[in-house]
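Q: I have a structure here, written as structure tokens, and I will follow up with some questions on it.
The values are calculated or read from the model by the stated rules, or taken from the named source; none is laboratory data. Keep in mind that what you see is a predicted model, and the values were worked out from it rather than measured. Neighbour counts are summed over all protein chains in view; Cβ atoms, including those assigned to glycine, are modelled from backbone coordinates with ideal geometry. The area values use the complete protein model at the heavy-atom level, side chains included, leaving out ligands, DNA and RNA. Shrake-Rupley method; radii C 1.70, N 1.55, O 1.52, S 1.80 Å.
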Amino acid sequence: MEQSFSLPDGLTKAQQYKQFLRDYALFIDGETDLIAALSNTSAALREAFGFFWVGFYLVKDADWLSLGPFQGSVACARIRRGRGVCGTAWAEARTQLVPDVDLFPGHIACSSLSRSEIVVPLLDPTTAVRGVLDIDSDRLAAFDEEDRRGLEQVVQLLCKQIFPE
Ligand code: SME
């Protein structure tokens, strides 16, 4: 198997997500193993978009997220429900778009270089949150509505595979 997710230069962000989603939908189709799917999804996103940190936290019990597969430097292993950007995305079951992490109350700094962040919850068919996709940038306001739309679609394709009906 040889699969590249690198994107050509000169695409708009909308075009980048369009191409990524087309390739990713074929790639992830049929992958039902949780660790394999999360590992390859973080690698694919990193390769395509060059994100500073991209990875998953998974719901382990009623109160805690545990670090899952990721690409980037070592990160906090556990995050309490409702804490930080990830714990808030879990508690509110909706995407958190944070242009400046220093202005987000309770932001958990795993890296002092992280400046902005987007976190998308992973929902199962009962709409329970089973984890989150967390992406950090070393630039302020790196993420916008285009990223929210694109990444929510990525997560939707992923969740259809790993949390089947
Ligand atoms: N900043 C996150 C913690 C995870 S790291 O960014 C990888 C948060 O506030 O939840």
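Q: Give me the pairs: first residue in segment 137-165 and under 16 Å from Ala89 (Cα atoms), second residue part of a loop (DSSP other than H, G, I, E, B), beta-carbon distance under 6 Å, and six or more apart or on different chains, which are they?
A: Filtered contacts from segment 137-165: Arg148/Thr95.
Q: Next question. Of all residues in segment 106-151, which are in a helix (DSSP H, G or I) and either open to solvent by 70 Å² or more (accessible area, probe 1.4 Å) or of a type in the set (Val, Ile, Thr) (or both)?
A: Across segment 106-151, the qualifying residues are Glu145, Arg149.
Q: What pairs come up if the first residue lies in segment 4-23 and is charged (D, E, K, R), the second is open to solvent by 40 Å² or more (accessible area, probe 1.4 Å), and their beta carbons are under 7 Å apart, counting only those six or more places apart or on different chains?
A: Lys13/Glu146
Q: Kindly list, by first and then second residue, each pair from a residue in segment 58-76 that is more than 16 Å from Leu122 (Cβ to Cβ) to a residue that is of a type in the set (Lys, Arg) and at pLDDT 95 or above, limited to pairs with Cβ atoms under 9 Å and residues at least 6 apart or on different chains.
A: That search, which allows pairs on different chains as well, returns Ala62/Arg81; Asp63/Arg80; Asp63/Arg81; Gln71/Arg46; Gly72/Arg46.
Q: Asp23: modelled with pLDDT of 95 or more, over 12 Å from the mean Cα position of the chain (by Cα) and of a type in the set (Asp, Glu), yes or no?
A: Considered against the rule, which asks whether it is modelled with pLDDT of 95 or more, over 12 Å from the mean Cα position of the chain (by Cα) and of a type in the set (Asp, Glu), Asp23 comes out as yes.
Q: Tell me which strands (runs of 3 or more DSSP E) are completely within segment 33-90 and hold 2 or more residues being within 12 Å of Ile135 (Cα to Cα), at pLDDT 95 or above and open to solvent by 20 Å² or more (accessible area, probe 1.4 Å), or say none if there are none.
A: Ranges flagged: 64-71.
Q: Taking only segment 118-165 into account, find how many residues are over 19 Å from Phe20 (Cβ atoms) and within 10 Å of the chain's Cα centre (by Cα).
A: The number of residues fulfilling the criteria is 3.
Q: Here's a follow-up. With the requirement that a residue be near the ligand (Cβ under 7 Å from one of its atoms) and over 13 Å from the mean Cα position of the chain (by Cα), what does segment 84-103 give you?
A: Answer for segment 84-103, where residues must be near the ligand (Cβ under 7 Å from one of its atoms) and over 13 Å from the mean Cα position of the chain (by Cα): Gly84, Gly87, Val101.
Q: Which numbered condition in (1) in contact with a His (Cβ under 9 Å, 6 or more places away or on another chain); (2) more than 13 Å from the ligand (Cβ to nearest atom); (3) not charged (D, E, K, R) is the only one that Ser114 fails?
A: Every listed condition holds for Ser114 apart from (2).
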